[in-house]
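Just so it is clear, none of the values below were taken in a lab; they were calculated from the coordinates. Predicted, not measured: the structure shown is a model, and the values here were computed from it. Positions of Cβ are generated from backbone atoms using ideal geometry, with glycine treated the same way; all protein chains shown enter the neighbour counts.
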Amino acid sequence: MTELATGGRRLVVTGTATAALLALSAVGIFLVAPEDADQGVIQRIFYYHVAIAITSLVAFGVAAIYGIRYLRTRRPEHDMVSVVAVGLGLFFSILVILTGSIWARASWGTWWVWEDPRLVTFLIVILLYSAYFMLRSSAEGERRARYSSIFAIAAFASVPLSFYSVRVAESFVHPVVFNSTGANMPDTMLVWFVVAQVAMLGLFLTLLQIELLQRRADDALKRLKLRLEGGV
Amino acid sequence: MSARPQDAARVEAPPPLGARDALRPLAALIAKDLRLELRTRQTAVGMALFALITMVLFQFTVASRVDDATPFAGGIIWATLALTAVLAVSRAWAAEREGRVLDGLLVAPVSRGALLTAKACTIFVYMLALEIVVLPLAVVFFVEGASAGDLALAFAAAVLADLGIAALGSLVASLAAFARGRELLVPALFLPALLPVVIAAGGATHAVLGGAREVAEYQGYCLFLGVYAVVFTLVSYATYEYVFDD
């Protein structure tokens, strides 16, 4: 119970900070940041689009790390973090596709372009991690957590390979925000991109905490019910 | 000489094995799979027929719409091989499951690594046999003006792709072996993770069979196929102990 109370307090802090950062990023991106000379107002979606894409990869990375931790320790809470992180990674990946499609529609007049390696990679990532939940529902008992952990690791190894293979197969039509020399934008834009990125990571952390807190509360309730039914 | 019951019950650390001793169970497992297949010819024949049917489908849905299907040949070949590879992966543990010897195999004094490697080798052999049939047929069906050298280069890229297919396929097959609804699970797990191989192998095949021979492009795709095989061999190596940890 003390653990739940601590988690709740932590959630209030993270949630408040994230809400403030999201509000600040919205003000900065829509009212303060300069408008892109080539693309106009639609370019502003990129602050969120790129930040969401990076956050989804962070979520899948967290899932893989907790998958490794589960395999090493067999502690169910590590599997719990891994599965919640995969779910959130999928949620952010769908947002990447949606924001990317909106940008494609405004820029090229079409909702989908197969020549865009990043959009296609995220489609593959969504397919890959959707299979994670199929595997999870197909295995039972301890195997469910173990197999899910193994797949979370294998799927994360596949993400950069998918990205690279799509990238070499298609022409490059997607604007490159970051390249090997650094950020491809002026400092006045970079500041708001960083704010949006931190806000998105905060959102991921807040959603992760909410889901974990809920699952832990469910577990605690089940244990309490068992104790009451057992008359202990 | 049979072991006495008290000997069987006693748990002792086995003496260190030489490389040849360690490879013996692996060779026995691979020989068992191949001998079973040579007797029944169930999987190989099924795969070849499925591949042929898939190519006929591609002929009527794609190739018949254009005058020359050569630029599409690489894609058609690798879509066919990837879909057929699903059968090889699905059937990887079928003999053990149908013969109800899966649990027996798991308690046998064979390392988990040997079990997974044997399945990878079996899948590799299935794919190799399939490509010996499919690649020349596909060239006859879809490619105009290909030389024997072009076909040999396409086959070399296929062998590299097979290494990745075998590494990923053995892992997926082992994960699905104990799961419910494995017929649905194998394609859902296997195909999205295999997409990089399909893209690269299709690209390499197109580079040599697609009309103009693009050597630099072919080499780049082959390098990628090698990297994919190494990455998934490492992933399989790092996780194999946990797959059968029952």
Highest average packing first - A:95-107, A:196-208, A:23-35, B:154-166, Cβ atoms within 10 Å: B:154-166, A:196-208, A:95-107, A:23-35
A:Leu24-B:Arg180 FRET efficiency (beta carbon distance; Förster radius 30 Å; 0.05 resolution): 0.05
Highest to lowest packing among B:127-134, A:158-165, scored as the average C-beta count within 10 Å: A:158-165, B:127-134
Peptide-level mean, for B:170-177, of C-beta atoms on other protein chains within 10 Å: 3
Phi-based couplings in Hz for the range A:20-33 (Karplus 6.51, -1.76, 1.60; Gly and Pro marked x): 5, 5, 5, 5, 4, 5, 5, 5, x, 5, 8, 10, 9, 4
Farthest positive-ward along the protein assembly as shown dipole, Cα basis, beta-carbon charges - from B:Met55, B:Val143, B:Gly113: B:Gly113
Convex hull of Cα atoms in the range B:192-246, direction-averaged projection (nm²): 4.3 nm²
For the protein assembly as shown, the fraction of alpha-carbon pairs in successive 10 Å shells from zero, as %: 4, 17, 24, 23, 18, 10, 4, 1, 0
Tilt relative to chain B, helix B:148-177 - C-alpha long axis, 0 to 90 degrees, to 10: 40 degrees
37 °C / 0.692 mPa s Stokes-Einstein diffusion coefficient of the range B:145-246, Kirkwood radius on C-alpha pairs, µm²/s: 223 µm²/s
The range A:1-158 - Rg (one decimal) and Dmax (whole number), Cα, Å: 18.7, 57
Within the range B:24-243: Cβ-based charge dipole about Cα centre, in debye rounded to nearest 20 (Lys, Arg +1; Asp, Glu -1): 860 debye
Furthest towards positive pole of dipole, A:Ser56, A:Ala104, A:Thr16, structure part the protein assembly as shown, Cβ charges: A:Thr16
Cα-based helix-to-principal-axis angle, A:142-169 vs chain A, degrees rounded to 10: 10 degrees
Additional length obtainable on full extension of the chain from A:Arg227 to A:Val194, 0.36 nm per residue less Cα span: 7.0 nm
For B:196-205, mean number of other protein chain Cβ atoms within 10 Å: 4
Peptide B:213-225, shielding by other chains (average Cβ, 10 Å cutoff): 1
Degrees separating the helix A:187-229 axis from the principal Cα axis of chain A, which is the longest one: 20 degrees
Cα-Cα separations in the range B:110-181 greater than 21 Å, expressed as whole percent: 40 percent
Principal semi-axes in Å for chain B [√(5λ), Cα gyration tensor, largest first]: 38, 18, 15
